[in-house]
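To keep things clear, I will list the structure first and then write my remarks on it.
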Amino acid sequence: MKLASLKHGRDGQLVVVSNDLSHCVAVPHIAMTLQSALDNWHECAPRLMRVYELLNEGAADGARPFEAESCAAPLPRAYQWADGSAYVTHVELVRRARGAEMPDSFWSDPLMYQGGSDGFIGASDPIVIESEEFGVDFEGEVAVITDDVPMAVSHSHAEKHIKLLMLVNDVSLRNLIPGELAKGFGFFQSKPATSFSPVAVTPDELGEAWDGGKVHLPLHITYNNLHFGAPNAGEDMTFDFRQLIAHAAKTRFLGAGSIIGAGTVSNKDASRGSACLAERRMLEIISDGKPKTPFMRFGDRVRIEMFDLAGRTIFGAIDQVVSQYKGI
């Protein structure tokens, strides 16, 4: 099943989207918003699935063309957004480039930060930044949306709480990060609004590419219309989504609609390219002693997308341009 939120008020209007992303239909008789559907998932999911089946058969009343540009994030705002760093090879690379040792615990205990969730942006919305000097970077990721997760959930029981998956562009302002981390209190100003794919999908839509905790497909990144990377999201993922959920819920309950990200997709095989500019710059430092690739400038475009084995887009594309904030 594929779901999206058309731009409408603060929380969007829930629509069911056809498998090929060509049509959609609003379902106010089931749920006005995706958050409402998640709050009552056990009741809403079967009814939404029936609409999805009718839509794919061309028999759904009220169907209309689906336009990704009209979408907000699937959850335009959420009760929780926690992003991990599950690809430890990426963390190791970044630390090695600056000559820092990596603690052994990073391989056994996930890194995770709690991001701003009061307002996400749609897949086609601009990345609005005040200054290029902030060091604008994209980060291609995969995330899951959960239902209500009990505190101290086990790794083995966490999988059943994964209801939807999305792609992510977790924008980072790299030049602001060092100063914030030096304070010892985590990210804040260096993490502006996050964007998500137009469509969120249930795990069954991934077929054999989903193993219950990882998505075994490449994440394709295009930067300024040129291929940038296609690292496989299922490889070199030290902590899968079951482990990340269990980590997030160790001392707290997670409310329905919680989003858990896996961090920048990264492979040991550098020939597959990268999912962020920082990683490419680190590889340049290791190879040549200094970075050559600049961070994003106003007008630069990034596209993040994932395809099934038949070459069809699964989530639709995150396709964004950096735009200068002019103030209000």
Qualifying residue in segment 248-262 (condition: among the basic types (Lys, Arg), at pLDDT 95 or above and under 15 Å from the mean Cα position of the chain (by Cα)): no
Cross-chain or 6+ apart pairs with Cβ under 6 Å, segment 74-85 first and under 20 Å from Pro198 (Cβ atoms), then polar (S, T, N, Q) and surrounded by fewer than 20 Cβ atoms within 10 Å (Cβ to Cβ): Ala78/Ser117; Trp81/Ser117
Filter result for Glu101 (over 23 Å from the mean Cα position of the chain (by Cα), more than 19 Å from Gly261 (Cβ to Cβ) and acidic (Asp, Glu)): yes
Evaluation of Ala249 against (1) open to solvent by less than 10 Å² (accessible area, probe 1.4 Å); (2) closer than 30 Å to Phe298 by Cβ (one fails), failing number: (2)
Number of positions in segment 147-168 that are under 25 Å from Phe315 (Cβ atoms) and either without any contact (Cβ under 8 Å) to a residue 12 or more places away in the chain or open to solvent by less than 60 Å² (accessible area, probe 1.4 Å) (or both): 12
Test for Ser190: is it open to solvent by less than 60 Å² (accessible area, probe 1.4 Å), hydroxyl-bearing (Ser, Thr, Tyr) and more than 24 Å from Glu92 (Cβ to Cβ): no
Wholly within segment 21-138, helices (runs of 4 or more DSSP H) carrying at least 1 residues that are of a type in the set (Val, Ile, Thr) and open to solvent by 30 Å² or more (accessible area, probe 1.4 Å): 88-97
Some residue of segment 295-314 being out of contact with any Ser or Thr (no Cβ under 6 Å at 6 or more places or on another chain), part of a strand (DSSP E or B), more than 20 Å from Ile177 (Cβ to Cβ) and aliphatic (A, V, I, L, M): yes
Scope segment 282-298; condition at pLDDT 95 or above and either open to solvent by less than 50 Å² (accessible area, probe 1.4 Å) or closer than 26 Å to Met112 by Cβ (or both); matching residues: Thr293, Phe295, Met296
Residues being small (Gly, Ala, Ser) and open to solvent by 60 Å² or more (accessible area, probe 1.4 Å) - total across segment 305-328: 1
Conditions (1) surrounded by 13 or more Cβ atoms within 10 Å (Cβ to Cβ); (2) in contact (Cβ under 8 Å) with a residue 60 or more places away in the chain; (3) in contact with a helix residue (DSSP H, G or I) (Cβ under 8 Å, 6 or more places away or on another chain): number failed by Arg301: (3)
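The values are calculated or read from the model by the stated rules, or taken from the named source; none is laboratory data. Keep in mind that what you see is a predicted model, and the values were worked out from it rather than measured. FYI the Cβ positions are ideal-geometry reconstructions off the backbone, even for glycines, and counts take in every protein chain you see. The accessibility values were calculated without ligands, DNA or RNA, using every heavy atom of the protein model including side chains. Shrake-Rupley method; radii C 1.70, N 1.55, O 1.52, S 1.80 Å.
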